[in-house]
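Colleague: Can you read through this structure? Questions will come right after.
Quick note: the coordinates plus some simple rules give every number you see, no bench work behind them. Because the structure is a prediction, the values reported are computed rather than measured. Don't worry about glycine lacking a Cβ; one is built from the backbone with ideal geometry, like all the others, and counts go over all protein chains shown.
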Amino acid sequence: MKRFYLTAAITAAALALPALPALAQTADVTIGISVTTTGPAAALGIPERNALEFVPKEIGGVPLKVIVLDDGGDPTTATTNARRFVTESKADIIMGSSTTPPSIAISNVANEAGIPHFGLAPFPITPERARWSVSMPQPIPIMGKVLYEHMKSKGVKTVGYIGYSDSYGDLWFNDFKAQGLPMGMTMVDEERFARPDTSVTGQVLKLIAANPDAILIGASGTAAALPQTELRERGYKGLIYQTHGAASMDFIRIAGKAAEGVLMASGPVMDPEDQPDEAATKKPGLALNTAYEAKYGPNSRSQFAGHSYDAFEVLKRVIPTALKTAKPGTPEFREAIRQALLSEREIAASQGVYNFTEKDRFGLDDRSRILLTVKDGKYTLAK
């Protein structure tokens, strides 16, 4: 009997699933997903969870057993969730989390256990995490380059930076040094803030005093609107750039008029309608957005929904390949998934076209990015 379980689980009670015959249990592909549906980063995790309503219930004729847990954006909770997937659920695949710090935590567990891991937030994939982890979001260097090239085209010479005081903020700060500085730009001030902070007045005043031509905000979710709003309310007139971590309608809703004119890197899922018909990302992007907005309302599309949706687009290619050599629930199947991630090429999804290798665990190229701005309260392609 084929069954599909999708449990938005926060308590152990949500894992109390009906007993299945042993044969059916061994046939399922079990996928454990830890996302952030509560706390400051819920604006990222909720669309990732919602998008799971539109993914396949089976692949290659095999049912998918999907278990979803909330980690609240906390690395310790994410670690606990990942260990539960390993020990209790006997997961074949693990996904998560919605932000960088808990994604690192989950990757560590997955690599210790030898289970394929799909990160749903950009995170550094170091050699010790490279064997079993891949990342669905675009890598920082690909998204950063489109921002710095735009800065250069607008004659920007000096840049101020304000970002999270964690690994996501570090990734963007270091990327600007690696790519922006060689383009001839100078960073004149660096400020940081914590994800739960409710004020960045002190940091913004220092940035404005430095008087840069442009300011780069290395933040994600609704918290990215905090410095955006403060900068405009304090009279900053220069260009403001946001990362793909802010690409959602919630950003516009919270920032309001202060969002007007922002320059934002984004995945193509935010605007598949304006892509050429031959673009590989157009069809999956339209499919996701049509289903998502039909249920959650017009303009509810999200960069983050694309991350979890695309993980299943990848699985649609790799699971049938893995099933040729091994059965779910075995170490051999997990290894077969890992190998299939390396052998399958040109996997089209809403956010890009994936070609994973042993060294490139993001697997994306320039087809995975667009540049947006906000005009009259709506996202539009930037020029």
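Colleague: Compute the signed sum of charges (Lys and Arg +1, Asp and Glu -1) over the other residues within less than 11 Å, Cβ to Cβ, of residue 382.
Modeller: That works out to +2.
Colleague: Now for a different question. Given 4 °C and 1.567 mPa s, compute D for the chain with the Stokes-Einstein relation, Rh being the Kirkwood radius over Cα pairs; round to the nearest whole µm²/s.
Modeller: The estimated diffusion coefficient comes to 62 µm²/s.
Colleague: Still on this structure, I have one more. If amide H atoms are built 1.01 Å from N in the plane of the peptide, which residues on other chains or at least 5 residues away come under 5 Å of the amide H of residue 187?
Modeller: So residue 187 has HN proximity to 159.
Colleague: Let me ask something additional. Using 0.36 nm per residue, how much length does the chain from residue 330 to residue 170 gain when fully extended, once their Cα-Cα distance is taken away?
Modeller: Numbers: separation 160, 0.36 × 160 = 57.60 nm, distance 3.76 nm.
Result for the pair: 53.8 nm of gain on full extension.
Colleague: Could you bin all the Cα-Cα distances of the range 140-266 into 5 Å bins starting at 0 and give me the percent of pairs in each, rounded to whole numbers?
Modeller: Spelled out bin by bin, the range 140-266 gives 2, 12, 25, 27, 23, 10, 2, 0 percent.
Colleague: Restricting everything to alpha-carbon atoms, can you work out Rg to Rh for the range 206-359 with a Kirkwood hydrodynamic radius?
Modeller: Answer for the range 206-359: 1.11.
Colleague: Let me spell out the model: positive unit charges on the Cβ of Lys and Arg, negative unit charges on the Cβ of Asp and Glu, origin at the Cα centre of the range 140-266. What dipole size does that give, in debye rounded to 20?
Modeller: 300 debye
Colleague: Would you kindly derive the ³J(HN,Hα) couplings of the range 227-236 from the backbone phi angles with the Karplus curve 6.51 cos²θ - 1.76 cosθ + 1.60 (θ = phi - 60°), listing them in order in whole Hz, with x for Gly and Pro?
Modeller: x, 4, 5, 5, 4, 5, 5, 8, x, 5
Colleague: Also, quick follow-up: Multiply the residue separation of residue 358 and residue 131 by 0.36 nm, subtract the distance between their alpha-carbon atoms, and state the gained length in nm to one decimal.
Modeller: Contour length minus Cα-Cα distance gives 81.0 nm.
Colleague: Moving to a separate point now. Can you compute 3J(HN,Hα) from phi for each residue in the range 351-368, using the Karplus curve 6.51 cos²θ - 1.76 cosθ + 1.60 with θ = phi - 60°, rounded to whole Hz and x for Gly and Pro?
Modeller: Going residue by residue, I get 9, x, 10, 8, 9, 6, 9, 4, 9, 9, 8, 9, x, 10, 10, 5, 5, 9 Hz, with x marking Gly and Pro.
Colleague: Taking springs between alpha-carbon atoms closer than 10 angstrom, which of 114, 180, 297 fluctuates most in the Gaussian network model of the chain?
Modeller: 297
Colleague: For helix 100-113, report the angle its Cα long axis makes with the longest principal axis of the Cα atoms of the chain; keep it between 0 and 90° and round to the nearest 10°.
Modeller: Result, in degrees: 30.
Colleague: For the charge dipole of the chain, defined by +1 on Lys and Arg C-beta atoms and -1 on Asp and Glu C-beta atoms about the Cα centroid, which residue among 302, 30, 264 has the Cα displaced farthest towards the positive pole?
Modeller: Of the options given, the answer is 30.
Colleague: Kindly rank 218-230, 50-62 from highest to lowest mean number of other beta carbons found within 10 Å of each residue.
Modeller: Descending packing order for the listed peptides: 218-230, 50-62.
Colleague: Can you show me the helix-derived [θ] at 222 nm for the chain, built from DSSP H runs with n ≥ 4 at -39,500 (n - 2.57) apiece and divided by the number of residues, rounded to the nearest 500. Spell out each step's value before the answer.
Modeller: On the way: 12 runs with 141 residues, N = 383.
The helix-only estimate for the chain comes to -11500 deg cm²/dmol at 222 nm.
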